[in-house]
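**Q** First, the structure itself, so that you have it in front of you.
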Amino acid sequence: MSIEKKVKKSSIFTLMIFTLGSRVLGLVREMVKAKYLGSAILNDAFNAAFTIPNLLRRLFAESSMTVAFIPTFKGYLKNDNKKETKDFINATFTALTFIVTITVVLGIIFTPIIVKVFKAQNTDIPELILLTRVMFPYLAFISLAALCQGVLNSLNIFGPGGFVPILFNIITIIITILFTKLKVTANPARAMAIGITLGGVSQMAFQLPYILKNGFGFKLTSLKKAFNNKGTKKVGRLITPTLASMGAYQLSTAVAQMLALNTGVGISSALGYSLRLQELVLGIFAVSIGTILISTLSRDAKDKNWGNFTSSLQLSVNVIAFLTIPITVFAYIHSTEIVTLVYKSGAFGEKGVLMTSQVFRIHISGLYFIALSRVIAPAFFSLEDSKTPAILGVISVVFGIILMFTLAPIFKGQGIAVATILSSTLLTILYFIFLGKKEDINFKSIMKSSIPAFIRITIFSLLAAIPLLRYKDRIFNILNTGNRIIDFGIPLIITTLLYFSVYVIILIITKENVLKELKRLARRP
């Protein structure tokens, strides 16, 4: 086996393990949040406050590093000109630092005006302003952390970037519990806000030694030099269309938040808790595969190795179906039990369980399409085509916003969830349609493999659920100790083993092709 392939397989495994740890700790963070903040007014205030810097984080951090920086940096690495490469990194660092610093300062100054858009009914405005100002600096640190991750991922070093979300969650959890217990802050929401910001600092600081170890670093240069750098200009050109798409997406998120906050108490919290459960699965599989995939596809595109490009994308699409469809079926059946196990504690009671499980069933139903969109998008970005996904993103967002305004007044939180899922499904379909127009990609081969795989795996997943539906109630009635971790945790382990054992047996009996592809990948020399 070549060193490159060993590194790739090891990176996927490492990143999935770290992402699993991060998502599990993210759930623990939400459990801590549910216990101390509940699902009512205080939690709604925190959600509204965190929405603003979090929206900007996705704008500055996620899109820029994925869409623009990595393909551009890969080009510099291929040219092997160390001076030009370092100049590009320093210019990008300077430009990003300048932009996010100005944004944070202005955001803190104008917070009282900004929060009026996100405030809920009966919101404590002074508290909302304070929480927002405490968390605004998080934007600067997480944006620079994303730049660090972009540099390391381009060098095929995925471990540090995969680990820092774990560090973020640990720090947030510890600060929230510690500051609340010691009464350092007036309420738990302020403690968690401080934890969020300190967690952002840790994500940036942890990755710096790895960058230095690999011969790179960050130095501030003049703004004129930074914004005139060829690489930085290219990043700007690539990211400009995406900013429109991300801006539209953030508008959609803001609209969803606004509608949720003003539709009823606790609805915003229920949507947030449900999305956290959905993100657990998305993070483990879709984000991990997508992170590795954009680096791989960018290299194949630079080398014009379209055979490898197509096969890598095809395998990724099939693996997403192989993993997410059975998880969707299982989670839908166990929605109430999962929400109860994870969240029901302290201020989070039966009403919170009911509201969250209702929207979770909707969110989890769209898991496959959301995961698929996160795997297909890197194909466009690696080809340095950011315009197409940007335009498609805007179309899907407009569609989603129209649905939200239509459904939210009637179906409340469930209506918002349905609108979100249908919007994501439309985006995935549009991605496939426009990917088929790329001449260099053997799109027919991808569709010929993925559509039958989707149908087969859906049937197998539903068949595996038959014994689960028959014995589920009996299994969950075995224990009645009064401890929710025992009463729901142990039965969930049993039903998980039952369902996925049947699923795997069906795959083996039918000699499923996706299983064969995974075996070939594992044995490939």
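**Q** For a bin width of 5 Å, list the pair-distance distribution of segment 41-247 built from all Cα-Cα distances, rounded to whole %.
**A** With a bin width of 5 Å, the distribution comes to 1, 8, 14, 18, 18, 15, 11, 8, 5, 2, 1, 0.
**Q** Right, here's the next one. Working out 0.36 nm times the residue gap between residue 406 and residue 305, then minus their Cα-Cα distance, what length gain in nm do you get to one decimal?
**A** 31.7 nm
**Q** Continuing with this model, one more query. Considering the options 98, 490, 125, tell which one lies farthest towards the positive end of the dipole of the chain, charges being +1 on Lys and Arg and -1 on Asp and Glu at the Cβ, about the Cα centre.
**A** In the chain, that residue is 98.
**Q** Shifting gears a bit: Using the Karplus curve 6.51 cos²θ - 1.76 cosθ + 1.60 with θ = phi - 60°, work out ³J(HN,Hα) for each residue of segment 467-481 in order, rounded to whole Hz, and write x for Gly and Pro.
**A** Rounded to whole hertz, the list is x, 5, 5, 6, 10, 4, 4, 5, 5, 6, 9, 5, 9, 8, 8.
**Q** Let me ask you something else. Among the listed pairs 351/412; 74/230; 86/213; 86/302; 82/302; 213/302, give every one whose C-alpha distance is greater than 22 Å.
**A** Numbers: 351/412 15 Å; 74/230 14 Å; 86/213 14 Å; 86/302 20 Å; 82/302 19 Å; 213/302 26 Å.
Long pairs (Cα-Cα over 22 Å): 213/302.
**Q** Run the paramagnetic zone check for residue 501: 7 angstrom along Cα to Cβ, then residues of segment 450-469 with backbone nitrogen under 19 Å.
**A** The answer is 461-469.
**Q** What order do you get for 139, 198 when you list them from fewest to most C-beta neighbours inside 10 Å?
**A** 198, 139
**Q** Another question about this same structure. I need the peptides 203-214, 322-333, 83-94, 465-476 ranked by packing, meaning the mean over residues of other C-beta atoms within 10 angstrom, with the highest value on top.
**A** Per-residue mean Cβ counts within 10 Å order the peptides as 322-333, 83-94, 203-214, 465-476.
**Q** A follow-up question, please. Nearest 0.05, what FRET efficiency do residue 225 and residue 174 give at R0 = 45 Å with Cβ-Cβ as r?
**A** About 0.65, to the nearest 0.05.
**Q** Still on this structure, I have one more. Using Cβ contacts closer than 10 Å as the measure, can you line up 350, 337 from fewest to most?
**A** With the sparsest Cβ surroundings first, the list reads 350, 337.
**Q** What is the gain in length, in nm to one decimal, between residue 469 and residue 254 on full extension, counting 0.36 nm per residue of separation less the C-alpha to C-alpha distance?
**A** 73.6 nm
**Q** With θ set to phi - 60°, apply the Karplus curve 6.51 cos²θ - 1.76 cosθ + 1.60 along segment 431-447 and write out the HN-Hα couplings as whole Hz, x wherever there is a Gly or Pro.
**A** So the J values, rounded to whole Hz, are 4, 4, 4, 7, 5, x, 8, 7, 5, 7, 9, 7, 5, 4, 5, 5, 5.
**Q** Quick one: what Rg and Dmax do you get for the chain from the alpha carbons, in Å?
**A** Cα-based Rg and Dmax for the chain come out at 22.9, 70 Å.
**Q** Modelled label-to-label distance, residue 98 and residue 440, 7 Å Cα→beta-carbon offset: nm?
**A** 3.2
**Q** So if I take the alpha carbon set of segment 377-525, get Rg, then get Rh from the Kirkwood formula, what is the Rg over Rh ratio?
**A** Working: Rg = 21.2 Å, Rh = 19.5 Å.
Result for segment 377-525 is an Rg/Rh of 1.09.
**Q** For segment 44-57, in order, what is each residue's ³J(HN,Hα) by Karplus, 6.51 cos²θ - 1.76 cosθ + 1.60 with θ = phi - 60°, in whole Hz (x at glycine and Pro)?
**A** For segment 44-57, the Karplus curve yields 4, 5, 5, 4, 5, 5, 6, 4, 5, x, 5, 4, 5, 4 Hz.
**Q** Quick one: Cα convex hull volume of segment 77-165, Å³ per residue? Write down the numbers at each step before the final one.
**A** Numbers: hull volume 10.1 nm³, N = 89.
It comes to 114 Å³ per residue, whole-number rounded.
**Q** Continuing with the same structure: Order these by the 10 Å Cβ neighbour count, fewest first: 171, 402, 362.
**A** With the fewest neighbours first, 171, 402, 362 line up as 402, 171, 362.
**Q** R0 = 56 Å: FRET efficiency of residue 387 with residue 184, Cβ-based, nearest 0.05? All intermediate terms of the calculation are to be shown ahead of the outcome.
**A** Numbers: r = 48 Å, r/R0 = 0.87.
Computed FRET efficiency for residue 387 and residue 184: 0.70.
**Q** Please give the length that would be gained between residue 458 and residue 494 if that part of the chain were fully extended, namely 0.36 nm times their separation in residues minus their C-alpha to C-alpha distance (nm, one decimal).
**A** 10.7 nm
None of the figures in this text is laboratory data; all of them are computed from the coordinates on show. Quick caveat: nothing in here was measured; it's all calculated off a predicted structure. Heads up, the Cβs are rebuilt from the backbone with ideal geometry, glycines too, and the neighbour counts pull from every protein chain shown.
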